[in-house]
């Protein structure tokens with residue numbers, strides 16, 4: 001197992017890694033819309049927050065030598081399912097290979113985020 005870490009994505013806000021690789025797979029912790037520079041939530045709406053999440057995921061994937069085309073599974077968490085369509089618009093711009101996905105509503109996310117996404121990818 002190898003721990004993946006990059007300054008181009010937010011530091012973990014708890015006792016976990018941004019991602020780990022094992023047996024040719026990357027298991028990335030959920031990304032919320034934190035700015036890597038400030039650690040603050042970026043954007044007030046779902047579109048802006050989803051965009052920041054995708055940029056954070058891109059940075060973690062890149063640090064592991066992977067990219068969006070190698071993602072095999074995503075799990076998406078939305079605070080409000082009314083944001084589903086808008087979230088999907090941003091999501092579809094990045095996950096063009098259409099990996100397997102789960103998307104669930106949750107009552108709250110860390111730091112008041114509206115969205116969190118975790119990925120599993122090949123490396």
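Throughout, read-outs are computed from the coordinates displayed, never taken from laboratory work. The model shown is predicted, which means the values in this text are computed figures rather than measured ones. As a convention, Cβ positions derive from the backbone with ideal geometry for all residues, glycine included, and neighbour counts pool all protein chains shown.
Applying the set (1) surrounded by 17 or more Cβ atoms within 10 Å (Cβ to Cβ); (2) without any contact (Cβ under 8 Å) to a residue 12 or more places away in the chain; (3) within 22 Å of residue 104 (Cβ to Cβ) to residue 42 leaves exactly one unmet item: (3).
Residue-wise test of (1) in contact with a strand residue (DSSP E or B) (Cβ under 9 Å, 6 or more places away or on another chain); (2) under 13 Å from residue 117 (Cβ atoms).
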{"site": "45", "(1), (2)": "no, no"}
{"site": "58", "(1), (2)": "no, yes"}
{"site": "84", "(1), (2)": "yes, no"}
{"site": "91", "(1), (2)": "yes, yes"}
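Could you please find all residues in the range 101-115 being part of a loop (DSSP other than H, G, I, E, B) and crowded, with 16+ Cβ neighbours inside 10 Å? 109, 113, 114 - these are the residues of the range 101-115 that are part of a loop (DSSP other than H, G, I, E, B) and crowded, with 16+ Cβ neighbours inside 10 Å. Taken as a whole, the structure places residue 9 among residues that are touching a residue at least 40 places away in the same chain (Cβ under 8 Å), within 23 Å of residue 92 (Cβ to Cβ) and in a loop (DSSP other than H, G, I, E, B).
Is the range 110-119 home to any residue that is farther than 20 Å from residue 14 by Cβ and in contact with a strand residue (DSSP E or B) (Cβ under 9 Å, 6 or more places away or on another chain)?
no
Of the residues examined, residue 98 is one that is on the phi > 0 side of the Ramachandran plot and surrounded by fewer than 15 Cβ atoms within 10 Å (Cβ to Cβ).
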